[in-house]
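What follows is a short report on a single structure.
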């Protein structure tokens with residue numbers, strides 16, 4: 001990783017977000033959106049954005065800010081690089097309305113136009129697999145980098161629940177946080193992008209190494225928000241943790257820091273508890289587990305890119321609790337992804 005950009009309810013740039021996260025900053029406030037009973041909801045959102053802008057249009061604004069920061073950090077080095085970008089979005093943005101275009105495709109086209117001035121030869125892909133999408137996209141990006149097909153890869157994620165239709169869907173499913181509904185999530189919004197390069201390309205571009213992707217693994221779980229399957233099975237997450245952490249284990253190393261996308265929905269906590277017990281030998285002290293979504297709102301498809309942005313800032317500034325971090329995320333459809341990143345050196 002050589003650059004990162006992020007915008008969240010606790011920071012308008014990646015460094016702001018990372019330090020605010022370190023300080024356990026919270027962003028819950030009453031939102032100008034209501035539930036099915038007409039009551040205002042508790043949400044984490046960016047008060048600096050126009051309150052009348054919602055849904056995919058709002059997601060585009062978030063993405064442009066985070067992407068702009070990442071590209072700004074590349075500076076002149078971005079010009080002339082062969083680049084590929086994957087933008088991860090929530091599942092509902094991939095749904096095509098009758099006679100119309102899926103919001104995800106429009107958003108991807110807007111971001112491609114945004115980047116064209118910096119990287120004319122940019123290939124853009126959009127993935128609507130939710131929180132785990134980045135884990136499924138990373139192997140292809142890393143393979144293209146390894147083969148020399150591209151010089152740089154942009155991996156980003158965007159999420160917003162600031163949308164009346166989205167709030168209505170969450171409310172109908174009984175998933176919105178409230179005094180009488182603690183087994184739930186706090187709606188949120190954020191975006192993050194990271195730039196990946198091969199070491200020799202980064203050196204030529206005079207860019208600092210902020211962290212290295214060590215392992216990536218994906219899996220599927222049967223337990224989802226819409227069923228009663230036992231989350232304690234955790235077979236998929238267990239397998240993904242073992243696979244992603246194997247490269248560390250082979251070098252005699254273990255991970256001591258975990259960043260998750262866990263909200264307050266208990267089935268995901270049960271799942272992680274079960275998987276953690278089975279993979280204890282792959283972890284070490286301080287075994288610090290952090291779940292930003294519990295303070296800055298649901299992360300959605302931005303989860304893994306945001307984790308990587310936070311880790312890169314922490315590595316660069318010396319406040320990471322451990323030099324090996326694990327990013328863990330799960331989509332509503334049962335997809336699970338684990339990404340392991342190590343500090344430079």
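Values quoted throughout were computed directly from the atomic coordinates according to the rules given, and no laboratory measurement underlies them. Keep in mind the model is a prediction, meaning the values are calculated, not measured. Here the Cβ is made from the backbone with ideal geometry for all residues, glycine too, and neighbour counts use every protein chain on show.
Points to keep in mind about this one:
- Relative contact order (percent, whole number), the chain, Cα cutoff 8 Å, 6+ residue spacing: 24
- Between residue 52 and residue 249, the FRET efficiency estimated from the beta carbon spacing at R0 = 35 angstrom works out to 0.10.
- Here the extension length gained between residue 182 and residue 277 equals 31.7 nm, from 0.36 nm per residue of separation less the Cα-Cα distance.
- Cα gyration tensor, the stretch 3-204 - rounded (a/c under 1.5), prolate or oblate: prolate
- Centre separation in Å (Cα based) which lies between the stretch 234-275 and the stretch 41-119: 29
- Which of 332, 228, 90 has the fewest Cβ neighbours within 10 Å, and the rest in rising order: 228, 332, 90
- A Förster radius of 22 Å combined with the Cβ-Cβ distance from residue 233 to residue 173 puts the calculated FRET efficiency at roughly 0.50.
- Computed over the stretch 212-342: relative contact order in percent, which uses C-alpha pairs under 8 Å that are six or more apart: 38
- Judged by the ratio a/c of the largest to the smallest principal axis of the C-alpha gyration tensor, the stretch 251-292 counts as oblate, that ratio being 1.5 or greater while a/b is no larger than b/c.
- Inter-site label distance for residue 125 and residue 200 at 7 Å from Cα along Cβ, in nm: 2.4
- Value of [θ]222 nm, deg cm²/dmol, for the chain, DSSP H segments ≥ 4, -39500 (n - 2.57) each, nearest 500: -11000 deg cm²/dmol
- Order of 136, 315 - criterion: other Cβ atoms within 10 Å of each residue's Cβ, fewest first: 136, 315
- Net length available on complete extension from residue 34 to residue 270 is 82.0 nm, with 0.36 nm assigned per residue and the Cα-Cα distance removed.
- The relative contact order of the stretch 1-108 comes to 25 percent, based on Cα pairs under 8 Å that sit 6 or more residues apart.
- Taking 296, 213 and counting other C-beta atoms within 10 Å, the order from fewest to most: 213, 296
- Shape category assigned to the stretch 212-342 from the gyration tensor of Cα positions, a/c cut at 1.5: oblate
- When both bridge partners sit in the chain, DSSP labels roughly 60% of those beta bridges antiparallel.
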